[in-house]
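The structure appears below as structure tokens.
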Amino acid sequence: QVQLVESGGGLVQAGDSLRLSCAASGRTFSSYTMAWFRQAPGKERAFVATVTWTAATDYADSVKGRSTISRDNAKNTVYLQINSLKPEDTAVYYCAARGTRYSDRYNYYYSSSDYDYWGQGTQVTVSS
């Protein structure tokens, strides 16, 4: 079992940048595809970014061009850097991990149901 702990959220102003961190337990971190999701009040949990076990990355259109997801396997940590934050980025941000399946058919997985482990979330609030 994997435990994920997010950190780095907080209250920021529009235009600022944040770097979120997700620290993972376990000895098989490098074999997991990692992702960030977010959930704003009254909205469904939405995909933000992913980095696969092969280090391929993909982003939601809402953050593409101003966001970078990365992983440091030596530290069992995944990061999400978001620049030029907007009020609509306000949400609870969740880190998620997906164990590799031999039956995997796709490079990326965008649904919350595709992931096996979740962190507790970290609040990001962007003021106007």
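Of the residues in the range 86-98, at least one is closer than 13 Å to Gly119 by Cβ, under 10 Å from the mean Cα position of the chain (by Cα), among the small types (Gly, Ala, Ser) and in a strand (DSSP E or B).
The residue pairs whose first member lies in the range 107-123 and is part of a strand (DSSP E or B), whose second member is of a type in the set (D, E, K, R), and whose beta carbons are closer than 6 Å, counting only pairs six or more residues apart or on different chains, are Thr122/Glu6. Residue count for the range 57-75 satisfying the condition of being under 21 Å from Val2 (Cα atoms) and more than 14 Å from the chain's Cα centre (by Cα): 3.
Taken together, the residues in the range 55-74 that are open to solvent by 90 Å² or more (accessible area, probe 1.4 Å) and either modelled with pLDDT under 95 or in contact with a strand residue (DSSP E or B) (Cβ under 7 Å, 6 or more places away or on another chain) (or both) amount to 1. Of the residues making up the range 21-35, at least one is within 22 Å of Ser127 (Cα to Cα) and either within 14 Å of the chain's Cα centre (by Cα) or open to solvent by less than 60 Å² (accessible area, probe 1.4 Å) (or both). Taken as a whole, the range 42-64 holds no residue that is farther than 20 Å from Ser111 by Cβ and in contact with a helix residue (DSSP H, G or I) (Cβ under 7 Å, 6 or more places away or on another chain).
Quick check on my filter: what residues within the range 1-13 are of a type in the set (A, V, I, L, M), surrounded by 14 or more Cβ atoms within 10 Å (Cβ to Cβ) and modelled with pLDDT of 95 or more?
Taking the range 1-13 as the starting set, the residues that turn out to be of a type in the set (A, V, I, L, M) are 2, 4-5, 11-12.
Now drop any that are not surrounded by 14 or more Cβ atoms within 10 Å (Cβ to Cβ), which leaves 2, 4-5, 12.
Passing the criteria: Leu4, Val5, Val12.
Regarding Val63, is this residue closer than 19 Å to Gln123 by Cα, of a type in the set (Val, Ile, Thr) and part of a strand (DSSP E or B)?
Numbers: closer than 19 Å to Gln123 by Cα: yes; of a type in the set (Val, Ile, Thr): yes; part of a strand (DSSP E or B): no.
In short, no.
Conditions (1) in a loop (DSSP other than H, G, I, E, B); (2) within 19 Å of Tyr117 (Cα to Cα); (3) free of Cβ contacts under 8 Å to residues at least 24 places away in the same chain, marked per residue:
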residue	(1), (2), (3)
Val2	yes, yes, no
Cys22	no, yes, no
Arg38	no, yes, no
Ser84	yes, no, no
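The values are calculated or read from the model by the stated rules, or taken from the named source; none is laboratory data. If you're wondering where the values come from, they're calculated on a predicted model, not measured in any experiment. All Cβ positions, even for glycine, are placed from backbone atoms using ideal geometry, and neighbour counts span all protein chains on display. In case anyone asks, the SASA skips ligands and DNA or RNA and just uses the protein heavy atoms, side chains included. Shrake-Rupley method; radii C 1.70, N 1.55, O 1.52, S 1.80 Å.
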